[in-house]
Amino acid sequence: MADYEAIIGLETHIQLNTVSKIFCGCKTDSWQDPPNTNICPICTGLPGALPALNQAVVEKAVLLAAAVHAEEIRPRSYFAHKNYFPPALPRVYQISQYGEPLARGGFFDLPLPGGRLRRGTIPKLHVEEDAGKTLHRGDRRLIDFNRCGVPLVEMVTGPDLRSADEVAQYLIRLRQLLRWLGISDADMERGQLRCDANVSIRPAGQDRLNPKTEIKNVNSITNVRDALQAEFERQIREPDLPPIVLESEWKARILQGLPELPLERRRRFVEHYGLPEYDAEILTDERSLSEYFEQAAGSFSGEPKIVSNWLMNDVLRLIREQGRAAGALQLTPGHLARIIEMVSARQITASTGKELLEQVEASGRAPDDLVKEQALAQLSDEASLRELARGVLQSNPQQIELYRSGKTTLLGWFVGQVMRETGGQADPQIARKVLQDLL
Ligand code: ZN
Ligand code: MN
């Protein structure tokens, strides 16, 4: 029997994190607010209300289009009325782009296990408004219009994905990119990133795409296409929807804000800093963290890998505990670099360094001040350690006997005593050397 493969295309809806909605001044984020408190005549579609386009929506959508390498970001794109009647859409139509969308012809590369890439093509990316929500309470249906007019980008992939794992990878990488660009919080639990999948199957090795019929209530796909095209052309002539006019100067200004993308940065971290792939992957998981690493590595005089170790082990834990982005920590990259510098120069012990991370994060004070104030500096002065070691030996004559009669493992015990005397701040290697001399 022939094997079958899955052919999967995704349609994602991305909620942009603008302050206000797409065509009015109402607040976009209603997560904490009671139903129907962020609405106005425009987003509830009262007769005569005219939409005015929020420029921030265009700017964020253009950044995403550029980040997925869109061949064409159109200087002029249009909205249409998409007629359908879910109960939470008060106007009977959704304002969406259809035949002339903001961008076309992009792609999005997904790293797969073993270093392979899967390329998801993005034939089309467009801007539209969200609908409201319905809630069922017993036999009553309640409607909340707060989400009406919340700006969305709809991004559709070609039938390029081949497994559920690839779909998961796509969503993970897309969420990373949206947060990286700062255009969406992409919290799936809050509906800020939603995904529909179109699936068909075919015998493995065939090129043919089997039809998928997802549009309901019409008897052929051709009829649907013709009907929508005719509808689109008719509606585009209606005067109450502003087009998106993207002048080249504005577009250039938006694209100046396009950062280096996650996969490019990951590659550069490996090549430029000599980091293992594993480190580069973790450090570029989130943009703020990757910038934090670069700043810390830039102010540290030693190997970048040392900075990476501190970040992955200790700073990431702080970040998780605090629940904020790396860039929002009180422990700045400069502070971190300075602490690692002191540990590398053996001015303080590694465990003091780790304590310092916490203290700097809690107080926002410079590590040098804290070291001075609390006398945390490591005791590496040989003369004073020798003095201390003498005292330790004097009060333990029996152990000296044992040591001298051959039980040399006692050296470690003596080092332990010196460490205890100094509250852990003696340089253990110098303490060991001094004790060996004296014994
Ligand atoms: Zn409104
Ligand atoms: Mn849509």
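The values are calculated or read from the model by the stated rules, or taken from the named source; none is laboratory data. Computed from a predicted structure; not experimentally measured. Neighbour counts are summed over all protein chains in view; Cβ atoms, including those assigned to glycine, are modelled from backbone coordinates with ideal geometry. We work out accessible area using only protein heavy atoms, side chains counted, and drop any ligands, DNA or RNA first. Shrake-Rupley method; radii C 1.70, N 1.55, O 1.52, S 1.80 Å.
One table, with the values for the structure above:
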read-out: Helices (runs of 4 or more DSSP H) fully within region 318-380 counting 1 or more residues that are within 23 Å of the chain's Cα centre (by Cα) and small (Gly, Ala, Ser); value: 333-344
read-out: For PRO101: the one exception among (1) more than 16 Å from ligand 1 (Cβ to nearest atom); (2) closer than 19 Å to ILE22 by Cα; (3) open to solvent by 60 Å² or more (accessible area, probe 1.4 Å); value: (3)
read-out: In region 148-163, the residues that are open to solvent by 20 Å² or more (accessible area, probe 1.4 Å) and in a loop (DSSP other than H, G, I, E, B); value: PRO159, ASP160, ARG162, SER163
read-out: Meets criteria (within 16 Å of ligand 1 (Cβ to nearest atom), touching a Lys or Arg at 6+ places or on another chain (Cβ under 8 Å) and over 22 Å from GLN55 (Cα atoms)) for ASP160; value: no
read-out: Every pair of residues 6+ apart whose Cβ atoms lie under 8 Å, when the first sits in region 265-284 and is closer than 17 Å to LEU177 by Cβ while the second is among the charged types (D, E, K, R) and not in a helix (DSSP H, G or I); value: ARG268/GLU260
read-out: Restricting region 406-437 to residues that are buried (at least 17 other Cβ atoms within 10 Å of the Cβ) and among the small types (Gly, Ala, Ser), the residue that is farthest from SER344 (Cα to Cα); value: ALA431
read-out: Test: residue in region 283-304 that is open to solvent by 30 Å² or more (accessible area, probe 1.4 Å), part of a helix (DSSP H, G or I), of a type in the set (Lys, Arg) and under 21 Å from ALA70 (Cβ atoms); value: yes
read-out: Matching residues in region 26-79 - criterion: being polar (S, T, N, Q) and without any contact (Cβ under 8 Å) to a residue 12 or more places away in the chain; value: GLN32, GLN55
read-out: All positions within region 164-196 that are among the β-branched types (Val, Ile, Thr), within 15 Å of GLU11 (Cα to Cα) and open to solvent by less than 40 Å² (accessible area, probe 1.4 Å); value: VAL167
read-out: The one condition in (1) open to solvent by 20 Å² or more (accessible area, probe 1.4 Å); (2) modelled with pLDDT of 80 or more; (3) out of contact with any Leu (no Cβ under 6 Å at 6 or more places or on another chain); (4) not polar (S, T, N, Q) that TYR403 fails to fulfil; value: (3)
read-out: Number of the exception - GLU238 against (1) more than 26 Å from LEU171 (Cα to Cα); (2) open to solvent by 50 Å² or more (accessible area, probe 1.4 Å); (3) in a helix (DSSP H, G or I); value: (3)
read-out: Which listed residue, of GLY120, GLY105, GLY132, GLY99, is small (Gly, Ala, Ser) and on the phi > 0 side of the Ramachandran plot; value: GLY105
read-out: Subset of region 83-97 that is more than 33 Å from the chain's Cα centre (by Cα) and hydrophobic (A, V, I, L, M, F, W, C) - its residue that is nearest to ligand 1 (Cβ to nearest atom); value: VAL92
read-out: Of the criteria (1) in contact with a Lys or Arg (Cβ under 6 Å, 6 or more places away or on another chain); (2) free of Cβ contacts under 8 Å to residues at least 60 places away in the same chain; (3) surrounded by fewer than 19 Cβ atoms within 10 Å (Cβ to Cβ), which one GLY138 fails; value: (1)
